[in-house]
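Only one structure is covered here, and it is reproduced in the block below.
The values are calculated or read from the model by the stated rules, or taken from the named source; none is laboratory data. Source: prediction; values computed, not measured. Counting neighbours? That spans all protein chains shown, and the Cβs are built from the backbone with ideal geometry, glycine included. We work out accessible area using only protein heavy atoms, side chains counted, and drop any ligands, DNA or RNA first. Shrake-Rupley method; radii C 1.70, N 1.55, O 1.52, S 1.80 Å.
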Amino acid sequence: MSIDLHGMALVAIVAAVTMFIRFLPFVVFGGGRPTPRFITYLAGMLPCAIMAMLVVYCLRGMDLTGPTHGLPELLSAAAVVGLHCWKKNTLLSIAAGTALYMVLVQVVFAA
């Protein structure tokens, strides 16, 4: 049986770095000290910023001059916004929008 020392070292390093990253906030902000205001501000603002980046990432390749004129993307985005305003469930909204986009691209607007 061959022992792969490189693989074992890689797994050990990844495990150590993961544990360090997981425990670091407890070490830095633990001990009953109040959380700094900047960290609290980031905790409130980052989810919105990440969602905005996700929208830009998803719609960046939309071709308004192509044969579909961006309709699958726009319809799916509208469905996500409408469903989220109605049900207030992020996972449901994103899953339904993705499924709608796949149906539109592969069935309705298939070339």
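Distance between the modelled labels on Phe38 and Leu24, one decimal in nanometres: 1.5 nm (7 Å Cα→Cβ projection). By a 1.4 Å probe calculation restricted to protein chains, Met8 has an accessible surface near 110 Å², given to the nearest 10.
For the residues Val14, Val28, Val55, a GNM of the chain with alpha-carbon springs under 10 Å puts the largest fluctuation on Val14. On C-alpha positions alone, give me the angle between the axis of helix 71-87 and the longest principal axis of the chain, in degrees, nearest 10. For 71-87 against the chain, the angle is about 60 degrees. When its C-alpha radius of gyration is set against 2.2 N^0.38 Å (N residues), the chain gives a value of 1.68.
Surface composition of the chain: carbon plus sulfur atoms hold 76% of the accessible area, using a 1.4 angstrom probe and ignoring ligands, DNA and RNA.
Applying the criteria of a DSSP loop state and at most 15 other Cβ atoms within 10 Å to the trypsin sites (Lys or Arg not before Pro) of the stretch 58-106 yields Arg60, Lys88. Taken over the Cα atoms of the stretch 14-65, the convex hull encloses 96 Å³ per residue.
The phi torsions of the stretch 93-98, fed into the Karplus equation with coefficients 6.51, -1.76 and 1.60 and a -60° offset, translate into couplings of 4, 5, 5, 5, x, 5 Hz, rounded to whole numbers, with Gly and Pro shown as x.
From the alpha carbon centroid of the stretch 34-69 to that of the stretch 83-105 is 17 Å. Any chance you could give the angle, 0 to 90 degrees and rounded to 10, that helix 37-59 forms with the longest Cα principal axis of the chain? Once rounded, the angle reads 40 degrees. At a probe radius of 1.4 angstrom, the accessible area of the chain per residue rounds to 83 square angstrom.
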